[in-house]
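Let me begin by presenting the structure, written as structure tokens, before commenting on it.
The values are calculated or read from the model by the stated rules, or taken from the named source; none is laboratory data. Keep in mind that this is a model prediction, so the values were computed, not measured. In this analysis, Cβ positions are derived from the backbone assuming ideal geometry, glycine residues included, and neighbour counts consider all displayed protein chains. Heavy atoms of the whole protein, side chains included, go into the accessibility calculation; ligands, DNA and RNA do not. Shrake-Rupley method; radii C 1.70, N 1.55, O 1.52, S 1.80 Å.
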Amino acid sequence: MIRRTSKFVPVLAVSAGLVAPAALACTSMLVTKGATSDGSTFMTYAADAHELYGELYHTPARRHAAGAMRDIIEWDTGRFLGRIPQPAATYSVVGNMNEHQLSIGESTFTGRKELEGPAGIVDYGSLIYIALERARTAREAIKVMTDLVAEYGYASTGESFSIVDPKEAWILEMIGKGAGKKGAVWVARRLPDGYISAHANQARIGQFPLNEPESTLYSPDVISFAREQGWFTGANKDFSFADTYHPFDFESMRFAEGRVWSIFRRAAPSAKLGAEYVDGSVPNKRLPLWVKPDQKVSVQDAMALMRDHFEGTPLDMTKDVGAGPYAVPYRWRPMTWQVDGKKYLHERAISTQQTGFSFVAQMRSSLPAPIGGVLWFGVDDTFTTVYTPMYAGIRQVPKNFSQGVASRGEFSWDSSFWVFNWVSNQAYSRWSDMIVDVQRTQGELEGQFLADQADVEKAALKLYESTPEQARDYLTAYSVSQGDKVHTRWRKLGEQLLVKYIDGNVRDEQGKVNHPKYPESWYRHIVKDTGSRLLVPEEPKAEPKPAPKPTVAPAP
């Protein structure tokens with residue numbers, strides 16, 4: 001199938017346990033019903049961490065006996081934090097979407113150092129998955145999460161949560177009260193219909209309405225606590241959550257807001273949000289909390305918005321010498337370094353090598369929840385992953401995505417995380433060439449899923465009308481088979497890349513081995529760095545032989 005290219009992405013012509021991503025590591029986008037091409041809501045999430053193993057979590061629905069307790073295991077560390085009572089029943093959860101199409105993602109903003117180490121037993125990761133088990137809507141999830149931290153205390157640093165159901169999209173920002181203190185301060189904003197928003201490790205909610213409960217919720221002490229600490233002295237109406245609890249600095253603008261900007265600039269070019277919003281040249285510039293996209297966003301567009309290295313902007317990661325001869329838009333850590341006493345940085349793009357898993361959650365109120373909810377799930381780098389449809393109503397997940405197949409320290413060919421990393425790490429060595437092959441296969445797979453979606457859902461809906469459980473069985477078989485298909489095809493792609501590009505060669509479609517030169521610009525870099533060391537001296541020119549003297553015939 002020919003790939004349908006989205007307007008938002010550049011196509012280059014050339015464990016059993018839950019382990020969370022670390023701070024400054026995630027990106028999430030929210031899209032309201034009125035901003036999408038089909039009346040869905042979307043929420044995207046990239047879970048990025050160098051120690052995160054990408055797998056698809058699955059928790060079946062359960063009924064619980066009176067007095068049953070739930071262990072709280074810290075998502076970052078696997079550490080036991082405590083226990084809380086279970087409700088009478090909990091919902092099925094596939095990844096970060098439950099059976100009612102409620103989806104939750106996050107990004108860590110950490111916040112003020114004075115507020116680290118709060119007293120509590122519920123960490124941010126547990127808040128996500130407990131809310132998915134207990135809530136049917138975004139508003140219910142906000143209540144579950146904020147009630148939990150009020151009763152049992154919060155155990156993490158500052159977090160931004162994306163909380164989206166088929167009708168509403170909310171951002172909830174929360175931070176604890178400091179060492180030894182229980183509870184948290186928080187504010188939640190509902191996106192206006194027709195708009196999109198995003199967050200990426202920087203608190204983004206500034207000033208907010210104080211008397212609009214339909215669109216804004218907040219803890220009773222969110223302002224008074226700041227006053228007690230001496231961090232705010234103005235009128236309540238002027239209070240800014242982000243400026244108070246996570247003040248902006250250069251690195252938060254460049255590393256965090258830069259990713260939000262890259263979504264906004266592509267979705268809403270008419271807003272004319274230039275690089276000065278994030279490059280630090282104008283420190284007081286602030287991006288809006290949300291923007292209205294110039295065109296309605298499709299599922300494929302949402303995938304594309306999560307695939308970006310700042311291409312075509314002043315922050316383009318393919319352009320400086322760090323990209324090497326093959327325009328590799330990745331930089332190995334650390335993010336900052338010093339030369340001659342001056343500090344420098346690498347850009348932090350949405351697409352990054354340390355992504356464990358990512359997804360595009362699609363939620364539709366026009367369909368029954370088991371059919372309307374689709375978690376388009378992928379492992380590894382968002383730019384090279386394949387978003388595979390996992391329906392909200394499924395009873396089982398593909399084996400190669402499932403928990404416990406392998407780990408971050410244990411390779412397995414049965415693990416899609418490892419197979420996708422094998423392919424992407426090959427591509428990083430010769431990006432401008434290999435990404436063409438990767439995107440071709442990626443487009444074939446995703447394009448087929450999108451082309452088949454209407455027929456799959458039509459068949460599922462027909463089954464659902466008579467026997468809902470048969471529809472769930474059908475969608476389970478479909479989702480599992482597509483996961484298996486992606487895994488098999490991606491391993492074959494890795495084999496093909498190895499054969500085609502082995503030892504710096506490039507094998508053409510006829511099987512002939514070619515030796516393409518480096519780009520001219522790279523040869524110039526080599527000459528500049530090495531001077532005359534690699535210069536091949538010219539052959540000395542031979543001295544011209546003297547012309548023979550003409551012979552004079554003797555006189556007769």
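Observations, loosely collected:
- About its Cα centre, the range 420-542 has a charge dipole of approximately 520 debye under the convention of +1 per Lys or Arg Cβ and -1 per Asp or Glu Cβ, with nothing else charged.
- Accessible-area composition of the chain, carbon plus sulfur, in percent [1.4 Å probe]: 54 percent
- Rolling a 1.4 Å probe over the heavy atoms of the protein chains gives the chain an accessible area of 44 Å² per residue.
- Distance between modelled label sites at R333 and D249, nm, 7 Å Cα→Cβ extension: 1.8 nm
- For the range 146-187 versus the range 203-221, the gap between their alpha-carbon centres in whole angstrom: 13 Å
- Packing around the peptides 437-444, 151-158, 327-334, 231-238, taken as the average count of other Cβ atoms within 10 Å per residue, puts them in this order, highest first: 151-158, 437-444, 327-334, 231-238.
- Full extension of the chain between D238 and K167 yields a length gain of 22.6 nm, computed as 0.36 nm times the residue separation minus the alpha carbon distance.
- Estimated dipole of the chain in Debye, rounded to 20 [Cβ of Lys and Arg +1, of Asp and Glu -1, Cα centre]: 620 debye
- Cross-link pairs exceeding 30 Å between alpha carbons, from the set K143/K237; K182/K285; K33/K399; K237/K285; K272/K485; K399/K462: K182/K285; K33/K399; K272/K485.
- Paramagnetic reach from V506 in the range 418-455 [backbone N under 12 Å; point 7 Å along Cα→Cβ]: 430-437
- Three-way shape call for the range 49-118 based on the alpha-carbon gyration tensor, with the a/c threshold at 1.5: oblate
- Simple label model, 7 Å out from Cα along Cβ direction - S215 to A68, nm: 4.1 nm
- Ratio of Rg to Rh over the range 380-530 (Cα coordinates, Kirkwood Rh, two decimals): 1.12
- Rotationally averaged projected area of the range 304-378 (alpha carbon convex hull; nm²): 7.5 nm²
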